[in-house]
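A.B. asks: Sharing a structure below in structure tokens format, with a few things to ask.
The values are calculated or read from the model by the stated rules, or taken from the named source; none is laboratory data. What you see is a predicted model; the values in this text were computed from it and never measured. Cβ: placed from backbone, ideal geometry, glycine included. Neighbour counts: every protein chain shown.
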Amino acid sequence: MATKIRLKRIGRRNRPFYRLIVIDSRKKRDGAAIEQVGWYNPISTDNSYEINDERILHWLGEGAIPSDAVKKIMRQEGLSLRWHLMQQGTEEKEIEKEMKKWEMNRENVLADRKAKKLEKLSKKSEESQVPVDVGSEHREEPAKEEVAKEEPAKEEPVKEEAAKEEPAKEEVAKEEPAKEEPVKEEAAKTPEQEDESEEE
């Protein structure tokens, strides 16, 4: 029997919750499981999960194949490394040493990620505050001079815009009579108007 370790969806609509199960690979996603070996909650902020390491290693030894999502969870737990070392035939003492090294490294990686995230947030908040502070503290007097210099410059573009708008109005005026003429011709062609013109 080809077995898989995969996720079985439970939970209500828009609130997924998954069970890690061992199941025959030919059954549907939510079919009857052979054994439940953990759970996974993607809605939680820290993507919380719980897995039974011993049972997963047992089923991997029996030939069960984990899905991609389960592989990610196993990697986060360090179970992938343990299984890899077991496949190589290393002794239990060596495996425990490697797992302790992995746990220390994992803690450092998580601490670094947290520090980087905090740095990014602080940089974003500083960048949004810096332009406001720099403009008000250092350039109070030059800002007044720039305003006085900019006022005449603002008037010139307004004149250009007004000049540009006038030809556009002329074009519209030229188009309107052209539209009216075809309407008059069509009206003259209607049979009712021809009858009226004959009677007069």
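A.B. asks: With the checklist (1) of a type in the set (A, V, I, L, M, F, W, C); (2) free of Cβ contacts under 8 Å to residues at least 40 places away in the same chain; (3) within 24 Å of TRP39 (Cα to Cα) in hand, flag the one item ILE73 doesn't pass.
C.D. replies: Of (1) of a type in the set (A, V, I, L, M, F, W, C); (2) free of Cβ contacts under 8 Å to residues at least 40 places away in the same chain; (3) within 24 Å of TRP39 (Cα to Cα), only one is false for ILE73: (2).
A.B. asks: Anything in the stretch 1-18 that is surrounded by 12 or more Cβ atoms within 10 Å (Cβ to Cβ) and basic (Lys, Arg)? List them, or say none.
C.D. replies: LYS4, ARG6, LYS8
A.B. asks: Go through the stretch 20-34 and give me each residue that's modelled with pLDDT of 90 or more and within 18 Å of LYS71 (Cβ to Cβ).
C.D. replies: LEU20, ILE21, VAL22, ILE23
A.B. asks: Suppose we keep only residues that are touching a residue at least 40 places away in the same chain (Cβ under 8 Å) and in a strand (DSSP E or B) within the stretch 19-31. Which one would you say is surrounded by the most Cβ atoms within 10 Å (Cβ to Cβ)?
C.D. replies: LEU20
A.B. asks: Can you list residue pairs whose Cβ atoms sit under 9 Å apart, with the first residue in the stretch 100-113 being in contact (Cβ under 8 Å) with a residue 24 or more places away in the chain and of a type outside the set (Ser, Thr, Tyr) and the second being assigned to a helix (DSSP H, G or I) and surrounded by 10 or more Cβ atoms within 10 Å (Cβ to Cβ)? Count only pairs 6 or more apart in sequence or on different chains.
C.D. replies: Every condition considered, the pairs that remain are TRP102/LEU81; TRP102/ARG82; ARG106/GLN76.
A.B. asks: Which of the residues belonging to the stretch 78-97 are out of contact with any Leu (no Cβ under 6 Å at 6 or more places or on another chain) and surrounded by 11 or more Cβ atoms within 10 Å (Cβ to Cβ)? Don't jump to the end; show me each part of the working.
C.D. replies: Filtering the stretch 78-97 for residues out of contact with any Leu (no Cβ under 6 Å at 6 or more places or on another chain) gives 78-82, 84-94, 96-97.
Once the filter is applied, which keeps residues that are out of contact with any Leu (no Cβ under 6 Å at 6 or more places or on another chain) and surrounded by 11 or more Cβ atoms within 10 Å (Cβ to Cβ), the stretch 78-97 yields GLY78, LEU79, SER80, LEU81, ARG82, HIS84, LEU85, MET86, THR90, GLU94, GLU96, LYS97.
A.B. asks: In the stretch 57-67, how many residues are under 23 Å from ASN41 (Cβ atoms) and either outside any helix (DSSP H, G or I) or polar (S, T, N, Q) (or both)?
C.D. replies: Adding up the residues that qualify gives 3.
A.B. asks: Can you tell me which residue is surrounded by the fewest Cβ atoms within 10 Å (Cβ to Cβ) among those in the stretch 32-56 that are in a helix (DSSP H, G or I) and under 35 Å from the mean Cα position of the chain (by Cα)?
C.D. replies: It comes out as ASP53.
A.B. asks: Another one. Restricting attention to the stretch 57-77, which residues are crowded, with 19+ Cβ neighbours inside 10 Å and within 33 Å of the chain's Cα centre (by Cα)?
C.D. replies: Once the filter is applied, which keeps residues that are crowded, with 19+ Cβ neighbours inside 10 Å and within 33 Å of the chain's Cα centre (by Cα), the stretch 57-77 yields PRO66, VAL70, ILE73, MET74.
A.B. asks: Also, I was wondering about something else. Let me spell it out: the conditions are (1) in a loop (DSSP other than H, G, I, E, B); (2) closer than 26 Å to ARG13 by Cα, and VAL70 meets all of them except one. Which number is the exception?
C.D. replies: (1)
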